[in-house]
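Chemist: The structure's right below; bear with me while I get my questions together.
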Amino acid sequence: MASILADSSVLIEFFRPGGREDVREEVGLLLGAGRLAVCGIIVSELLQGVRPSEKETLQDFLGEAQYLELTRPDFEAAGDTCNALRRKGHKMPITDALIASLCVRIRMPIFTLDSHFQQFQGLTLHRPFNR
């Protein structure tokens, strides 16, 4: 089966005490099946908020996920998308546009709780809760 890129919104919910059980279950299933992927932006977003006492656990978790690299075409597509959205009066953080561009390029769905990813053309959203 294909891999799924997990956005930081999902992984923060996964690690949050009292986090949504459906998110925790899906992330656990994806990780256990070797289907969970992350990229550098997501790693940075997670590390910026981790407590020192939780860093080793987070790094162990991230070490089990597939790691995807961004390329120059991802940066160009993200810039073009943010420019087009801005001209229409919409905004998307460049970091999210980069993540989305990567997913579109490699045809990988994204598992996210952030609704603004719906603005990105050609992006497939992983929706496990609509089964």
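Read the figures in this text as sums done on the coordinates, not as results from a lab. None of these values were measured; they are calculated from a predicted model. Using ideal geometry, Cβ is built from the backbone for each residue, glycine included, and neighbour counts are taken over all protein chains shown.
Yes/no per residue for (1) within 16 Å of Ser8 (Cα to Cα); (2) among the acidic types (Asp, Glu); (3) in contact with a helix residue (DSSP H, G or I) (Cβ under 6 Å, 6 or more places away or on another chain); (4) in contact (Cβ under 8 Å) with a residue 60 or more places away in the chain:
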residue	(1), (2), (3), (4)
Ser44	yes, no, no, no
Thr71	no, no, no, no
Glu76	no, yes, no, no
Asn83	no, no, no, no
Arg86	no, no, no, no
Gly89	no, no, no, no
Ser101	yes, no, yes, no
Ile106	no, no, no, no
Leu125	yes, no, no, no
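Chemist: Within the range 1-71, which helices (runs of 4 or more DSSP H) (wholly inside it) include 2 or more residues that are of a type in the set (Asp, Glu) and over 24 Å from Gln118 (Cβ atoms)?
Modeler: The helices (runs of 4 or more DSSP H) meeting that bar are 55-64.
Chemist: Tell me, yes or no, whether the range 67-75 has at least one residue that is over 17 Å from the mean Cα position of the chain (by Cα) and not polar (S, T, N, Q).
Modeler: Scanning the range 67-75, I find at least one residue that is over 17 Å from the mean Cα position of the chain (by Cα) and not polar (S, T, N, Q), so the answer is yes.
Chemist: Any idea which residue in the range 4-42 is surrounded by the fewest Cβ atoms within 10 Å (Cβ to Cβ), counting only those that are without any contact (Cβ under 8 Å) to a residue 12 or more places away in the chain and basic (Lys, Arg)?
Modeler: Restricting to residues being without any contact (Cβ under 8 Å) to a residue 12 or more places away in the chain and basic (Lys, Arg), the top hit is Arg16.
Chemist: Moving on to the next point. How many residues are in a loop (DSSP other than H, G, I, E, B) and under 10 Å from the mean Cα position of the chain (by Cα) when one looks only at the range 91-111?
Modeler: 1
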